[in-house]
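The values are calculated or read from the model by the stated rules, or taken from the named source; none is laboratory data. Keep in mind the model is a prediction, meaning the values are calculated, not measured. Heads up, the Cβs are rebuilt from the backbone with ideal geometry, glycines too, and the neighbour counts pull from every protein chain shown.
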Amino acid sequence: MAHVVFLRAANVGGNNVFRPAELARSLGHLGVVNIGAAGTFVVRERASATAIRREIATRLPFALDITVRSAASVLEIVRQNPFENVKFARERRGWIAVLAAPAKQPVVLPVAFPNRTKWAVRIDGCEGVFAHGMWRLRPGGFVIPANAVERALGVSATVRWWETFERIARELRAKG
């Protein structure tokens, strides 16, 4: 079964020397395909989530959270398309959060940050180990979706834009 790997806080441009394409090449025996620059990978070969996590961790010069999800679960999120009737723009985007575990605390949705009327991040749905919502640019500061999700749901999360999930799905479908 194929898997999808999401690295949390890989910080491509910061102090961590992380080159996703190089990491993918070093994991060629697992059929790893790099998706973008944030630490998102499709693993095509059969391997357990534990083995994949271990293989990646041994190749990184720093520690970070590595979340591995089945390709089927990611494809199901894309099939559900929580943004079907939403128009995106540079200042308004949809995101999916990959949770390290199911939410620790129940929440009444939607949840908005910093508040309901002047929100920059809104959590619209949460099912199992995935949450989704909207981000919009607003005066007064940038709100990071992952921080909002972690605060609201009480669990570690990494976030990717909806377009990244669409790319993952295309990659999974292209090679069967």
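Annotations
- Residues located in the stretch 140-163, provided they are over 27 Å from Q105 (Cα atoms) and touching a strand residue (DSSP E or B) at 6+ places or on another chain (Cβ under 9 Å): E163
- The stretch 36-51, residues that are out of contact with any His (no Cβ under 8 Å at 6 or more places or on another chain) and assigned to a loop (DSSP other than H, G, I, E, B): G36, A37, A38, G39, R44, R46, S48
- The residues of the stretch 50-79 that are surrounded by fewer than 14 Cβ atoms within 10 Å (Cβ to Cβ) and among the basic types (K, R), listed by number, are R54, R59, R79.
- The numbered conditions (1) touching a helix residue (DSSP H, G or I) at 6+ places or on another chain (Cβ under 7 Å); (2) over 18 Å from V5 (Cβ atoms) are all true for I77 except (2).
- Test: residue in the stretch 66-84 that is more than 18 Å from the chain's Cα centre (by Cα) and among the hydroxyl-bearing types (S, T, Y): no
- Residue check, A103 surrounded by 13 or more Cβ atoms within 10 Å (Cβ to Cβ) and farther than 17 Å from L7 by Cα: yes
- Residues satisfying the stated conditions in the stretch 74-101, i.e. over 16 Å from I168 (Cα atoms) and small (G, A, S): A89, A100, A101
- Scanning the stretch 80-99 for residues that are surrounded by fewer than 20 Cβ atoms within 10 Å (Cβ to Cβ), modelled with pLDDT of 95 or more and over 13 Å from E163 (Cα atoms) yields a total of 1.
- Exactly one residue out of A57, A51, A63, A72 is modelled with pLDDT under 90 and of a type in the set (A, V, I, L, M, F, W, C), and it is A63.
- Test result for A10, touching a Leu at 6+ places or on another chain (Cβ under 7 Å), at pLDDT below 90, outside any helix (DSSP H, G or I) and surrounded by 13 or more Cβ atoms within 10 Å (Cβ to Cβ): yes
- Any hit, the stretch 34-49, residues being surrounded by fewer than 16 Cβ atoms within 10 Å (Cβ to Cβ), touching a residue at least 24 places away in the same chain (Cβ under 8 Å), within 26 Å of G133 (Cα to Cα) and out of contact with any Leu (no Cβ under 7 Å at 6 or more places or on another chain): yes
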